[in-house]
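One structure is given here, and the rest of the page talks about it.
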Amino acid sequence: KSRADVICMCMLWAMNSIATGHENGMVSLWNADAGTNVSSTVLKGSITSIVEAHNSRAHVIVGSDFSGMICVWNLTLFRINPIELPVETLMKSKHDPEDPGVLSLAFHKKSSTFFSGGNDTNIAMWRLDSANYKYVDNFHTEAVNSLVCSANFLLSGDEKGEVILW
């Protein structure tokens, strides 16, 4: 009740929780058993995508917004203190400064690599432990609004309905 519309969500199976992104920039983490939630309003634009990422050292969720900002929340620390959703990193994406919106995110577990798709039709590849971004050769002519990693593949989809297997 009295929350902004849900734009995106991600199921966190290991925590029996759901992360939701809202049009007012809020990210909420809902406990599926108790129905309780914790929220963060670090991002100011409408949340466009949320993805879960974990490796042997950390468990995080990453969210993006229309202004091109990307935020990382530390779920490892959240398990220790479930009263607040701790922010690990807040960064500006490297998508086009004229149209910086990040519309989609994906995480490739084997390489600990993130992909972000934007309004600028580009796909950026990056890692949390590095500030280096690399653009994937891009064949999209419209905004990239869908990304999925599976095994050794990346699938990207754009607003025109084209899907590319990388």
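The values are calculated or read from the model by the stated rules, or taken from the named source; none is laboratory data. From a predicted model like this one, the values you see are computed outputs, not experimental measurements. We place every Cβ from the backbone using ideal geometry, glycine too, and count neighbours over all the protein chains shown. Just the protein is used for accessible areas: all its heavy atoms, side chains included, with ligands, DNA and RNA removed. Shrake-Rupley method; radii C 1.70, N 1.55, O 1.52, S 1.80 Å.
Could you say whether any residue in region 143-150 is part of a strand (DSSP E or B), under 22 Å from LEU12 (Cβ atoms) and open to solvent by 60 Å² or more (accessible area, probe 1.4 Å)?
The initial filter retains those residues of region 143-150 that are part of a strand (DSSP E or B), namely 144-150.
Then keep just the ones that are under 22 Å from LEU12 (Cβ atoms); that gives 146-150.
Among the residues that remain, those that are also open to solvent by 60 Å² or more (accessible area, probe 1.4 Å) are: 148, 150.
Scanning region 143-150, I find at least one residue that is part of a strand (DSSP E or B), under 22 Å from LEU12 (Cβ atoms) and open to solvent by 60 Å² or more (accessible area, probe 1.4 Å), so the answer is yes.
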Conditions first: (1) in contact with a Phe, Trp or Tyr (Cβ under 6 Å, 6 or more places away or on another chain); (2) at pLDDT below 95. ALA34 passes all but one, so which condition is the exception? (1)
Pairs, first closer than 24 Å to GLU159 by Cα in region 106-131, second among the basic types (Lys, Arg) and modelled with pLDDT of 95 or more, C-beta under 7 Å, six or more apart: none
Yes or no: VAL72 assigned to a strand (DSSP E or B) and in contact with a Phe, Trp or Tyr (Cβ under 8 Å, 6 or more places away or on another chain)? no
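Could you go through region 91-103 and let me know if any residue there is among the hydroxyl-bearing types (Ser, Thr, Tyr) and either in contact (Cβ under 8 Å) with a residue 60 or more places away in the chain or more than 22 Å from GLY21 (Cβ to Cβ) (or both). Show your work before the answer.
Of region 91-103, the ones among the hydroxyl-bearing types (Ser, Thr, Tyr) are 93.
After this cut, where a residue has to be either in contact (Cβ under 8 Å) with a residue 60 or more places away in the chain or more than 22 Å from GLY21 (Cβ to Cβ) (or both) as well, the list is none.
No.
What is the residue count in region 151-166 for residues that are open to solvent by 100 Å² or more (accessible area, probe 1.4 Å) and not hydrophobic (A, V, I, L, M, F, W, C)? Please lay out each step first, then the result.
Quick first cut of region 151-166, residues open to solvent by 100 Å² or more (accessible area, probe 1.4 Å) only: 152-153, 159-160, 163, 165.
With the extra rule that they be not hydrophobic (A, V, I, L, M, F, W, C), the set shrinks to 152, 159-160.
The total comes to 3.
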Let me spell it out: the conditions are (1) in contact with a strand residue (DSSP E or B) (Cβ under 8 Å, 6 or more places away or on another chain); (2) open to solvent by 20 Å² or more (accessible area, probe 1.4 Å); (3) closer than 24 Å to SER156 by Cβ, and SER67 meets all of them except one. Which number is the exception? (1)
Please state which of the following conditions TRP73 fails to meet, knowing it meets all the rest: (1) touching a strand residue (DSSP E or B) at 6+ places or on another chain (Cβ under 7 Å); (2) on the phi > 0 side of the Ramachandran plot; (3) touching a residue at least 40 places away in the same chain (Cβ under 8 Å). (2)
Out of region 97-132, which residues are at pLDDT 90 or above, aliphatic (A, V, I, L, M) and over 18 Å from TRP166 (Cα atoms)? VAL102, LEU103
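Per-residue answers, yes or no, for (1) basic (Lys, Arg); (2) more than 20 Å from TRP126 (Cβ to Cβ); (3) open to solvent by less than 20 Å² (accessible area, probe 1.4 Å); (4) in a strand (DSSP E or B):
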position: SER28; (1), (2), (3), (4): no, yes, yes, yes
position: ASP33; (1), (2), (3), (4): no, yes, no, no
position: VAL42; (1), (2), (3), (4): no, no, no, no
position: ARG57; (1), (2), (3), (4): yes, no, no, no
Scan region 68-83 and give yes if some residue there is modelled with pLDDT of 95 or more, within 13 Å of the chain's Cα centre (by Cα) and of a type in the set (Gly, Ala, Ser), otherwise no. no
Count of residues meeting criterion [of a type outside the set (S, T, N, Q), outside any loop (DSSP other than H, G, I, E, B) and either open to solvent by less than 20 Å² (accessible area, probe 1.4 Å) or closer than 21 Å to ALA58 by Cβ (or both)] in region 104-135: 13
State which residue is farthest from the chain's Cα centre (by Cα) when the search covers only region 44-55 and only residues that are small (Gly, Ala, Ser) and assigned to a strand (DSSP E or B). ALA53
